1. Can you name the condition, by its number, that PHE275 falls short on among (1) part of a helix (DSSP H, G or I); (2) at pLDDT 95 or above; (3) surrounded by 21 or more Cβ atoms within 10 Å (Cβ to Cβ)?
2. Tell me yes or no: at least one residue of the range 303-326 is at positive phi, in the same structural domain as ALA52 (by TED's automatic domain parsing) and of a type outside the set (A, V, I, L, M).
3. Which ones in the range 142-155 are more than 23 Å from the chain's Cα centre (by Cα) and either in a strand (DSSP E or B) or under 16 Å from MET249 (Cβ atoms) (or both)?
4. Looking at GLN87, GLN102, which is the one that is farther than 24 Å from TRP350 by Cα, among the polar types (S, T, N, Q) and either not in a loop (DSSP other than H, G, I, E, B) or not assigned by TED's automatic domain parsing to the domain that holds ALA217 (or both)?
5. Checking ASP336 against (1) touching a helix residue (DSSP H, G or I) at 6+ places or on another chain (Cβ under 9 Å); (2) not in a helix (DSSP H, G or I): exactly one of these is not met. Which one?
6. Would you kindly identify the helices (runs of 4 or more DSSP H) lying entirely within the range 1-83 that contain at least 1 residues that are modelled with pLDDT of 95 or more and among the β-branched types (Val, Ile, Thr)?
7. Can you tell me which residue among SER329, SER369 is crowded, with 16+ Cβ neighbours inside 10 Å and of a type in the set (Gly, Ala, Ser)?
8. Being buried (at least 16 other Cβ atoms within 10 Å of the Cβ) and aliphatic (A, V, I, L, M) is the filter here; which residues of the range 60-80 pass it?
Amino acid sequence: MKPSLISSLALGSLLATPVLAEEFDLDALLEAAKSEPALTVYDSTGKIKKQAAAFAETFGLEAVGTKSKAAATIKIVTGEAQAQNVQSDVVIVSDVPAATAQLLKPGYVTSYLPSDMADKIDAAYHQPLVVSNSPVVWSYNTALNDSCPVSNIWALTEESWTGRIAMPDPLAKSLYTDWFNQLAMHHDGEIAAAYEAHFGTPLETKFNSATEAFVVALAENQPLLTNSDSDVAAAVGAPDSAENFMGIMSTAKFRENKNGMKLGICDSMQPMVGFLSPKFMMITEGTDSPNAAKLFVHYMLTAEGWGPQAIDGKISTNVDLPIPAEEPSGVAAHLDQLLSYNASTSSDDWSARQDWQDIWALARAGQLSQ
């Protein structure tokens, strides 16, 4: 990923969590790791099983990768730390606000950056270490449209799109309430400008921000809410669909295009085509496999280690590892149209979750009005 796209993250000032900066010595770490117990790694993608197995084969060690959602991983690490019975070793967590509040601040995990990777990863991603950014994009059905049928997010609040916007439920997936708060704190002027560009008049609203007005209007337009990005993809990109749906989802779901799905990135959407969702990679405090854990962190920052997730469009923070040309969504051509997550305000996102959930629920129930 280009440094110009990530300079806004200001992660370095987020916490005083130290980055372990001793000279990286792969041979010494490997020798020490051989006497350690099997490594246990958690991530929210099933690809972690393949990555852990490949790591074990490469280094002649034992490692188990387990697919675990962020909330479950945080619960596991917290419980083990409080019981002083640490079994997990490396955790990769996509819920940045929760990881900040519940793992980093209590000291249950430590951020580690191998010294030989320091100049390959933008300083904004050093502390805590961010391993990747996952693109989340507005999408449409390419079988029903020659190009994206919408060019402005405010169009999705109009009657013509009532009930025909698919998205994960913000009450169940905090990524979206965090996104609302990020928009309000860092991009509210762009949301207001998009309103004026679409409707031809400046936004006048009783709400606290242009973002809040947009969120209310979107919720009132009764989107089709799903339990997963896979369900969004099915609603938007089904090859036999007769009804036009727009949706927002991870680019990882575009891999289903090879199975007949008809998903395309809405590259005309203003003021943003989508956003980037970061993942922290951390070592548990008290792990009994510290050397193997450091080796695994390093491995995940290499082309071999990251490869299984790169094909889904997930962007390594190692600038030497580009998105593969065969990545199915084509998101590499639209990186400058995606909003970066500003982790310097992740604590605000954490604090504001309930407020945004209340706004969404009340608006969807018709209890708020412009």
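1. With (1) part of a helix (DSSP H, G or I); (2) at pLDDT 95 or above; (3) surrounded by 21 or more Cβ atoms within 10 Å (Cβ to Cβ) applied to PHE275, the lone miss is (1).
2. Restricting attention to the range 303-326, the residues satisfying the condition of being at positive phi are 313.
From what's left, in the same structural domain as ALA52 (by TED's automatic domain parsing): 313.
Next, only the ones that are of a type outside the set (A, V, I, L, M) stay: 313.
Yes, some residue in the range 303-326 is at positive phi, in the same structural domain as ALA52 (by TED's automatic domain parsing) and of a type outside the set (A, V, I, L, M).
3. THR142, CYS148, VAL150
4. GLN87
5. Unmet condition: (2).
6. On the way: elements: 26-33, 47-59, 70-82.
Correct list: 47-59, 70-82.
7. On the way: SER369 fails: crowded, with 16+ Cβ neighbours inside 10 Å.
Sole residue among the options that is crowded, with 16+ Cβ neighbours inside 10 Å and of a type in the set (Gly, Ala, Ser): SER329.
8. Answer for the range 60-80, where residues must be buried (at least 16 other Cβ atoms within 10 Å of the Cβ) and aliphatic (A, V, I, L, M): LEU61, ALA63, ALA70, ILE74, ILE76, VAL77.
The values are calculated or read from the model by the stated rules, or taken from the named source; none is laboratory data. The structure presented is a predicted model; accordingly, all values stated were derived computationally and were not measured. Here Cβ is always computed from backbone atoms with ideal geometry, including for glycine, and neighbour counts include all displayed protein chains.
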